[in-house]
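The structure under discussion appears below in the form of structure tokens.
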Amino acid sequence: MVLHRLSVSRGTERVSKNTASSIVARERRPHLAASPIDLLGIRPLESFERFRAKVQAFLKDHEDNIAIHRLRTNKPLTVSDLEQLEAMLLASGTADAPHIEQAKEEAEGLGLFVRSLVGMDRGAAKEAFAGFLDGRTLNARQIEFVNLIIDHLTHQGVMPPSRLYETPFTYVAPTGPDDIFPSPDVANLIAILDHIRDTALAG
């Protein structure tokens, strides 16, 4: 009986210790789970893709803004336009400084970043190629190729010349524009694309 009592006593002691440990662990767990960011009251930065979506929705509601209008219509931006755009995004709470800096770095400028979200007015994209098309007759493949460029600019706002050698353009010209245009025309197409890009940069 004595041994039995000792066993029960020891078992009770173990249970008590385990219970106490469990209580302590539960009390400590929230503190262990809290990160330095939580303790400082700072929220982790949202994903860049979510940031892009937020900015795109905001810009769509402000297309009457002069800087956005210039970007959509392929008119040159000024330094003041870019400063105003950045201030507007920050003041609205749509963007924060780290995300704006990341956008500038990835798109090679805030103007190009915004242009990529708002696209170009189709009429402005066509106008950019007016000089290339005036006074000449293009064949069906050439017309389709130029229309693909205009479609891309309408949706994406800007286009690096290297895209001319990728799909969907290679569906029309398998080896790129050189397959259907003479060299001077290819150089002219690239110059037009470069000019469109430059209008989104403050000179």
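FYI, it's all coordinate maths here, none of it is from the lab. Given the structure is predicted, the values throughout are model-derived calculations rather than measurements. All Cβ positions, even for glycine, are placed from backbone atoms using ideal geometry, and neighbour counts span all protein chains on display.
A few notes on this one:
- Using θ = phi - 60° in the Karplus curve 6.51 cos²θ - 1.76 cosθ + 1.60, the 3J(HN,Hα) couplings for the range 127-142 round to 4, 4, 9, 4, x, 5, 8, 4, x, 9, 10, 9, 7, 4, 5, 5 Hz; x is entered for Gly and Pro.
- Measure of compaction for the range 48-118 (Cα Rg per 2.2 N^0.38 Å): 0.98
- Amide H contacts under 5 Å for residue 120, placed H, 5+ residues apart: 154, 155, 156, 157
- Taking a point 7 Å out from the Cα of residue 136 in the direction of its Cβ, the residues of the range 185-202 whose backbone N falls within less than 15 Å of it are 185-193.
- Shown in residue order for the range 171-185 are the 3J(HN,Hα) couplings computed by the Karplus curve 6.51 cos²θ - 1.76 cosθ + 1.60 at θ = phi - 60°: 5, 8, 10, x, 9, x, x, 4, 6, 10, 10, x, 3, x, 5 Hz (x for Gly and Pro).
- When 199, 94, 78 are sorted by how many other C-beta atoms sit within 10 angstrom of their C-beta, beginning with the fewest, the order is 78, 94, 199.
- Electrostatic bookkeeping for residue 192 treats Lys and Arg as +1 and Asp and Glu as -1; over the other residues with beta carbon under 11 Å from its beta carbon, the sum is -3.
- Cα→Cβ-extended label distance, 7 Å offset, between residue 156 and residue 97, nm: 3.3 nm
- Taking amide H atoms as placed 1.01 Å from N in the peptide plane, the amide H of residue 94 has no partner under 5 Å among residues 5 or more positions away or on other chains.
- Pair-distance profile P(r), taking every C-alpha pair of the range 122-198, with 5 angstrom steps and integer %: 3, 16, 30, 30, 17, 4
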